[in-house]
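J.: Below: one structure in structure tokens.
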Amino acid sequence: MKKHLITIDDLTKNEIMSIMEQGKAFKEILSRPIKKIPTLRGKTIGLLFFEPSTRTKLSFELAAKRMSADVLNFSASTSSLKKKESIKDTIMTLEAMKIDIYVVRHGFPGVPYIVANNIKGSVINAGDGAHSHPTQALLDLYTIWEKFGELKGLNVTIVGDVKYSRVVRSDINILNKMGANVTLCTPKTLLPRTIEKFNVKYTFNLKEAVKNADVIIGLRMQKERQDSGLIPDEVEFNHFFGLKPEIVANARKNVLIMHPGPINRGVEIDGEVADSENSVINEQVTNGLAVRMSIFYHFVEG
Amino acid sequence: MKKLYFKNGQLYNGKEIKKSDFYVVDGKITFKKQEKVDEICDIKDCIVFPSLFDLHTHIRCPGEEYKEDFDSVTKAAVHGGFTDICSMPNTKPTADNQPIIDYIILEGKRYNRCRIHPFGSLTVGLKGEKLSRMGLMKKSGAVGVTDDGKCIQNSVIMIRAMEYASTYNLFIMDHAEDINITGTGVLNEGEISDSLGLSGVPEIAETIMILRDIEMSRYLDIPIHITHVSTKRGAEIILKAKNEGVKITFDVTPHHLSFTEKDCGSFNTLFKVNPPLRTESDRKFLIKLVKSGKVDAIVTDHAPHAKFEKEYPFDQASVGISGLDTAFSLLYRTLTIEEGIPVEKWIDLISNKPRKLLKIKPITLMENKKRDFFVFNPKEKWTVTEKTIYSKGKNTPLLGKKLKGKIKYTVFQGRIVFRDGG
């Protein structure tokens, strides 16, 4: 196992499967009345969130606490980001506090590498700009693997803001690595121009995109995309790219509906779909906890 | 003035490289044997070339002396074989009026290692709104005008700026960039930007502006020079216009000839530059144009920054490469060692061609000529480190790299202004 988890490329197929298996064991622990284990007692985990986050941060924090680690919280406001705060200086201060694992979230791509180059411990990337979000990809994979067992040959359709999404980049990497077939669906303005190099299929027709899908992953449509003129508005986006019951009906019967959250009901996904029997959106949150425990377990050993 | 004797070396006389010993007496070159010389320079294995001329240097002073000052930029220049550099107007305050031009020329003379030829801005504060006092700046010694780095977006202002500059016969240089297309882009739009999740700068951000400039130049019949062309398409458009008689010239940089977007693949901010490093096919095409003599000049676009300014995330890191110290050695590596183009085929692009563009007398190393030159040892290796770079800006991707080919002496107005190891 490598020292840092910054992109999915840091993991081999075997390592990914090992995280999956161990995640299953942790998920079982999370269902017990006493959910705490002593695995990381005496270890210190620093949560460095340079960008606002609720879910991911809570998930990492709880995962660390369930494993008895000491958790140090560092949140930078967006205003200090604007002041071009030196990340190196911040890291040097924290490093003097002897932190074992740094969990890093930042609005700009590449920041986890800057952290990694200035510390002795490990870095877990909790999302850097539109670059990478490997723990989300691992929990997405876990959710799929738990339901289907086999990953090879599964049809996974991802719908929404591809160009600016770190989740998509990491999901594509991990799904390709495990042999699943990925199809993307989004307007041209939200598709990377070199999409041909991504080793995926893509279409602008949602009905076609979800045909025979085993899994549909919806992505949050950021309000910012309208403001910068990439799409006209939410109404039109929902009309052509929103996940609605009649669209989902074209997928396989036991299709999994996933979303990294938080969801925009009526924009990228209709409430009826989000709350349907096929939806595992809330289960993804539980799995996230188990998978992040598993990641800590692997990286503290490594 | 000291009498200097350069022996055991070779000399490039503008046509060929020939073995010849020579003297420098009263600043002039002579091949006649001299008695009582003050200094003997044994330059075995070395070649003597006319000194280099940089059409595009960000000197950062006045105003940003923490990045570079007159002392360091002139030292970096002569270390790199340059005895002439053209300062860009994006100083603080902007070089948009005569006192700043006066100050730059005076400071250059104070250190007396090389000449600084200032460019003034086309518009006040590089804001693209109001015309600068181009006439008065020319009177103070400005050699050209440009809004480098802040390409004028409003076409009618660009038309007026070109017409007004032509009133005083000023050399007009444009950094062709549509800043709305660039947007938040920080490297070439392509495979690397898409995989790293960074915003890309597409080729059309450059080509659309080049096309605009061509049409203006054609319509107004005013020459224009496009600096640091980075794309194959951009160069193709210019060559086509040239063929049709448009008075357009262009230059390329050592870094666009040497590196590509792939070098940014590990978020290395030392490769962050504007225009961005492009693809291998762009790079190869620009080299082909150098080879076939279709490029008008090579410029460093020397852009020194303090170390901490390159330690930010890629999105926030300062833009530019410090180039004066290493330009010639890097060109030697890329063009001569890798591509097999002899130095005498390309050296004019960074010495006499830019002089000709500015109507400054070119240099030929011949008897009885008062001429500036530098001595280059193509065999000697050196390692680029923070210590071997004289510029305050240590922001070169060559840091830690070994280069073959080292400048041993630079002679300016009959004086040795740089000597290796001295």
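J.: For chain B, what does -39500 (n - 2.57) per DSSP helix run (n ≥ 4), summed and divided by total residues, give at 222 nm, in deg cm²/dmol to the nearest 500?
T.: Counting only the DSSP helices, I get -7500 deg cm²/dmol.
J.: Ok, one more. Using 7 Å Cα-to-Cβ label points, what is the B:LYS130/B:GLU236 separation (nm, one decimal)?
T.: It works out to 4.3 nm between the two label points.
J.: Find, to one decimal place in angstroms, the Kirkwood hydrodynamic radius of the stretch B:48-357, where the mean of 1/r is taken over every pair of different Cα atoms and then inverted.
T.: Numbers: mean 1/r = 0.0518 Å⁻¹.
19.3 Å is the Kirkwood radius here.
J.: Rounding to the nearest 20 debye, state how big the charge dipole of the stretch B:48-357 is about its Cα centre with +1 on each Lys and Arg Cβ and -1 on each Asp and Glu Cβ.
T.: Values: 37 positive and 42 negative charges, 179 e Å.
Dipole size: approximately 860 debye.
J.: Total Lys pairs in the stretch B:187-308 closer than 13 Å by alpha-carbon, pairs eight or more apart in sequence or interchain only? Let's see the in-between values first.
T.: Numbers: B:LYS232/B:LYS240; B:LYS232/B:LYS284; B:LYS232/B:LYS288; B:LYS232/B:LYS294; B:LYS240/B:LYS294; B:LYS242/B:LYS294; B:LYS262/B:LYS272.
Count of close lysine pairs: 7.
J.: What residues have an amide H closer than 5 Å to that of B:THR83, excluding those fewer than 5 places away on the same chain, when H is modeled at 1.01 Å from N in the peptide plane?
T.: B:LEU52
J.: Under a Cβ-only charge scheme (Lys and Arg +1, Asp and Glu -1), can you give me the dipole magnitude of the protein assembly as shown about the Cα centre, in debye to the nearest 20? Before the final figure, lay out each step's value.
T.: On the way: 106 positive and 89 negative charges, 500 e Å.
Rounded to the nearest 20 debye, it is 2400 debye.
J.: To continue, here is another question. With N set to the number of residues, divide the alpha-carbon radius of gyration of the stretch A:107-237 by 2.2 N^0.38 Å and report two decimals.
T.: Numbers: Rg = 15.7 Å, N = 131, 2.2 N^0.38 = 14.0 Å.
Rounded to two decimals, the normalised Rg is 1.12.
J.: Rounded to the nearest 0.05, what FRET efficiency do B:LYS109 and B:PHE308 give with R0 = 35 Å and r taken as the Cβ-Cβ distance? Could you check? If you can, show how the numbers build up before the last one.
T.: Numbers: r = 32 Å, r/R0 = 0.92.
Computed FRET efficiency for B:LYS109 and B:PHE308: 0.65.
J.: Sort the stretch A:85-126 into rounded, prolate or oblate with this rule: let a ≥ b ≥ c be the square roots of the eigenvalues of the Cα gyration tensor; rounded if a/c is under 1.5, and if a/c is not under 1.5, prolate when a/b is larger than b/c, oblate otherwise.
T.: Working: a/c = 1.92, a/b = 1.26, b/c = 1.52.
Oblate, because a/c is 1.5 or more while a/b does not exceed b/c.
J.: Can you give me the long-range amide H partners of B:HIS56? Hydrogens built in the peptide plane at 1.01 Å from N, cutoff under 5 Å, separation of 5 or more residues or another chain.
T.: Hits under the 5 Å cutoff: B:CYS86, B:THR300, B:ASP301.
J.: Same structure, new question: Could you work out how far helix A:166-177 tilts from the main Cα principal axis of chain A, as a 0 to 90 degree angle to the nearest 10?
T.: For helix A:166-177, the angle is close to 80 degrees.
J.: So, one more: Sequence neighbours fewer than 8 away in the same chain don't count; with that in mind, list the aspartates and glutamates whose C-alpha is under 17 Å from B:LYS130.
T.: Within reach: B:ASP96, B:ASP147, B:ASP148, B:GLU163, B:ASP174.
J.: Could you size up the charge dipole of the stretch B:1-158 around its Cα centre, putting +1 on the beta carbon of Lys and Arg and -1 on that of Asp and Glu, and report it in debye to the nearest 20?
T.: Working: 25 positive and 21 negative charges, 102 e Å.
With Lys and Arg at +1 and Asp and Glu at -1, about 480 debye.
J.: Let me ask something else about it. Could you check the spin-label model distance between B:LYS369 and A:ARG252? Points 7 Å from the Cα along Cα→Cβ, value in nm.
T.: 7.8 nm
J.: Just for the stretch B:48-357, what percent of DSSP beta bridges are antiparallel, to the closest 5?
T.: On the way: 1 of 25 bridges.
About 5 percent, rounded to the nearest 5.
J.: Can you find, among B:SER292, B:PHE308, B:GLN153, the residue sitting farthest towards the positive end of the charge dipole of the stretch B:48-357, where Lys and Arg contribute +1 and Asp and Glu -1 at Cβ?
T.: B:SER292
J.: Sticking with this one: Provide A:LYS88, B:LYS361, B:LYS67 in ascending order of the number of other Cβ atoms located within 10 Å of each residue's Cβ, fewest first.
T.: Values: A:LYS88 15, B:LYS361 9, B:LYS67 24.
Exposure proxy ranking, most exposed first: B:LYS361, A:LYS88, B:LYS67.
J.: Can you run phi through the Karplus equation (6.51, -1.76, 1.60; θ = phi - 60°) for the stretch A:221-231 and list ³J(HN,Hα) in whole Hz, with x for Gly and Pro?
T.: 3J(HN,Hα) across the stretch A:221-231, in whole Hz: 8, 6, 4, 3, 5, 6, 4, 8, x, 8, 9.
J.: Hey, if you put +1 on the Cβ of every Lys and Arg and -1 on every Asp and Glu Cβ in the stretch A:47-164, which of A:GLY153, A:LEU138, A:PHE60 ends up farthest toward the positive end of that dipole?
T.: Final value for the positive-end residue is A:PHE60.
J.: Expressed as a fraction of 2.2 N^0.38 Å, the rule-of-thumb size for a compact globular protein of N residues, what is the C-alpha radius of gyration of the stretch B:287-422? Show your work: numbers first, answer last.
T.: Numbers: Rg = 16.3 Å, N = 136, 2.2 N^0.38 = 14.2 Å.
For the stretch B:287-422, the normalised Cα radius of gyration is 1.15.
J.: Taking θ as phi - 60°, what are the ³J(HN,Hα) couplings along the stretch B:62-79 by the Karplus curve (6.51, -1.76, 1.60), each to the nearest whole Hz, with x for Gly and Pro?
T.: Here the 3J(HN,Hα) series is x, x, 10, 4, 5, 8, 6, 10, 4, 5, 6, 5, 6, 5, 4, 4, 6, 4 Hz.
J.: Let me ask you something else. Calculate the FRET efficiency for A:ASN278 and A:ASP70 from the Cβ-Cβ distance with a Förster distance of 51 Å, rounded to the nearest 0.05. The partial results should precede the final answer.
T.: Details: r = 40 Å, r/R0 = 0.78.
Using R0 = 51 Å, I get an efficiency of 0.80.
J.: OK, next. Please report Rg (one decimal) and Dmax (integer) in Å for the Cα set of chain A.
T.: Radius of gyration, then largest Cα-Cα span, for chain A: 19.0, 56 Å.
J.: Which one of B:LYS36, B:LYS370, B:LYS232 has the biggest mean-square fluctuation once chain B is modelled by GNM with Cα springs under 10 Å?
T.: It is B:LYS36.
J.: Further, regarding this structure: Cut-off under 16 Å on the C-alpha distance; same-chain residues fewer than 8 positions from B:LYS75 excluded. Which lysines are left, in chain and number order?
T.: B:LYS67, B:LYS109, B:LYS387, B:LYS392, B:LYS394, B:LYS406, B:LYS408
J.: Whole percent per 5 Å bin, from 0 to the bin with the longest distance: what is P(r) over all C-alpha pairs of the stretch B:1-47?
T.: So the P(r) values, bin by bin, are 5, 23, 30, 24, 13, 4, 0.
J.: Volume per residue, Å³, of the convex hull around the alpha-carbon atoms of the stretch B:242-320?
T.: On the way: hull volume 8.1 nm³, N = 79.
Expressed per residue, the convex hull around the Cα atoms of the stretch B:242-320 is 103 Å³.
J.: Can you pull the mean other chain C-beta count within 10 Å for peptide B:307-316?
T.: 6
J.: Looking at the square roots a ≥ b ≥ c of the eigenvalues of the Cα gyration tensor of the stretch B:96-228, which shape do they give, rounded for a/c under 1.5, prolate if a/b is larger than b/c, or oblate?
T.: Values: a/c = 2.50, a/b = 1.52, b/c = 1.64.
Oblate, since a/c reaches 1.5 and b/c is not below a/b.
J.: May I have the extent of the alpha carbons of the stretch B:336-390 along their three principal axes, as whole Å values ordered from largest to smallest?
T.: 35, 27, 25
J.: A further question on this structure: Over the protein assembly as shown, what is the percentage of antiparallel beta bridges among all DSSP beta bridges, to the nearest 5?
T.: Details: 29 of 94 bridges.
Beta bridges within the protein assembly as shown, antiparallel portion: roughly 30 percent.
J.: Further, regarding this structure: Sequence gap at least 6, Cα distance under 8 Å: using those rules, report the relative contact order of the stretch A:165-235 to the nearest whole percent. Please report the intermediate quantities before stating the final value.
T.: On the way: 41 pairs, mean separation 18.5, N = 71.
Rounded, it is 26 percent for the stretch A:165-235.
J.: Another question, then. Return the loop-located trypsin sites (Lys or Arg not before Pro) in the stretch A:243-292 (DSSP other than H, G, I, E, B) with at most 11 other Cβ atoms within 10 Å of their own Cβ; answer none if there are none. Kindly include the intermediate steps, with their values, before the conclusion.
T.: Values: sites: A:ARG252, A:LYS253, A:ARG265, A:ARG292; in loops: A:ARG252, A:LYS253.
Passing sites in the stretch A:243-292 are A:LYS253.
J.: Using the beta-carbon distance between B:GLU386 and A:GLU21 and R0 = 41 Å, what value does 1/(1 + (r/R0)^6) give for FRET efficiency, to the nearest 0.05?
T.: Details: r = 48 Å, r/R0 = 1.18.
Here the calculated transfer efficiency is 0.25.
J.: Taking the beta-carbon count within 10 Å as an exposure proxy, list B:GLU236, A:GLU277, B:GLU129 from fewest neighbours to most.
T.: Ordered from fewest to most neighbouring Cβ atoms within 10 Å, B:GLU236, A:GLU277, B:GLU129 come out as A:GLU277, B:GLU129, B:GLU236.
J.: Please order B:THR334, A:THR39, A:THR7 by the number of other Cβ within 10 Å, starting at the fewest.
T.: Details: B:THR334 20, A:THR39 16, A:THR7 23.
Ascending number of Cβ neighbours within 10 Å: A:THR39, B:THR334, A:THR7.
J.: For the stretch B:28-146, just run the numbers: alpha carbon Rg, then divide by 2.2 N^0.38 Å, N being how many residues it has. Write out the running numbers ahead of the final one.
T.: Values: Rg = 17.6 Å, N = 119, 2.2 N^0.38 = 13.5 Å.
Its radius of gyration relative to the 2.2 N^0.38 Å reference: 1.30.
J.: Calculate the tail of P(r) for the stretch A:181-302: the fraction of all Cα-Cα distances greater than 20 Å, expressed in %.
T.: Working: 3706 of 7381 pairs.
Within the stretch A:181-302, distances greater than 20 Å cover 50 percent of Cα pairs.
J.: At 0.36 nm per residue, and after removing the present C-alpha to C-alpha distance, how many nm does the segment from A:LYS35 to A:GLU208 gain when stretched out fully?
T.: Numbers: separation 173, 0.36 × 173 = 62.28 nm, distance 4.38 nm.
Computed gain between A:LYS35 and A:GLU208 is 57.9 nm.
J.: So, one more: Take the protein assembly as shown, compute every pairwise Cα distance, and split them into 10 Å bins from 0; I just need the percent in each bin.
T.: Spelled out bin by bin, the protein assembly as shown gives 3, 14, 20, 20, 16, 13, 9, 4, 1, 0, 0 percent.
J.: Ok, one more. Please turn the phi angles of the stretch A:145-151 into ³J(HN,Hα) values with the Karplus equation 6.51 cos²θ - 1.76 cosθ + 1.60 (θ = phi - 60°), one per residue in order, whole Hz, x for glycine and proline.
T.: 4, 4, 7, 9, x, 9, 9
J.: If you don't mind, there's one more thing I want to ask. Can you give me the angle between helix B:232-243 and the longest principal axis of chain B, using Cα atoms only, in degrees from 0 to 90, rounded to the nearest 10?
T.: Long axis of B:232-243 versus the principal axis of chain B: about 80 degrees.
J.: Could you name the aspartates and glutamates whose alpha carbon sits less than 20 Å from that of B:LYS7, not counting residues in the same chain fewer than 8 places away?
T.: Straight-line reach from B:LYS7, under 20 Å: B:GLU16, B:ASP21, B:ASP26, B:GLU35, B:ASP38, B:GLU39, B:ASP42, B:ASP45, B:GLU367, B:ASP372, B:GLU380, B:ASP420.
J.: Pull up the DSSP beta bridges for chain A and report the antiparallel fraction as a percent, rounded to 5. Intermediate results must be reported in sequence, preceding the final value.
T.: On the way: 1 of 36 bridges.
Of the beta bridges lying entirely in chain A, close to 5 percent run antiparallel.
J.: Still on this structure, please answer the following. With a cap of 12 neighbouring Cβ atoms within 10 Å, and only residues DSSP puts in a loop, list the GluC sites (Glu not before Pro) found in the stretch B:334-422. Write down the numbers at each step before the final one.
T.: Values: sites: B:GLU338, B:GLU339, B:GLU344, B:GLU367, B:GLU380, B:GLU386; in loops: B:GLU339, B:GLU367, B:GLU386.
For GluC sites (Glu not before Pro) across the stretch B:334-422 that sit outside H, G, I, E and B with at most 12 neighbouring Cβ atoms in 10 Å, the list reads B:GLU367, B:GLU386.
J.: Right, something else. Please check: in the Gaussian network model of chain B (C-alpha springs, under 10 Å), which one of B:PHE267, B:PHE70, B:PHE412 has the largest mean-square fluctuation.
T.: So, out of B:PHE267, B:PHE70, B:PHE412, the one fluctuating most is B:PHE267.
J.: Roughly how tilted is helix A:55-66, in degrees to the nearest 10 and between 0 and 90, from the longest Cα axis of chain A?
T.: Taking the Cα atoms of chain A, the angle to A:55-66 is about 40 degrees.
J.: Averaged across A:192-199, how many Cβ atoms of other chains sit within 10 Å of each residue's Cβ atom?
T.: On the way: counts 8, 7, 8, 1, 1, 4, 3, 0.
Mean inter-chain Cβ contacts per residue within 10 Å come to 4.
J.: Follow-up. For the charge dipole of the protein assembly as shown, defined by +1 on Lys and Arg C-beta atoms and -1 on Asp and Glu C-beta atoms about the Cα centroid, which residue among A:GLY242, A:VAL71, A:ASN254 has the Cα displaced farthest towards the positive pole?
T.: Checking the options against the dipole of the protein assembly as shown, the answer is A:VAL71.
Rule-based calculations on the coordinates, nothing more; no lab input. The structure displayed is predicted, hence computed values, not measured ones. Backbone-built Cβ (ideal geometry, glycine too); neighbour counts: all protein chains shown.
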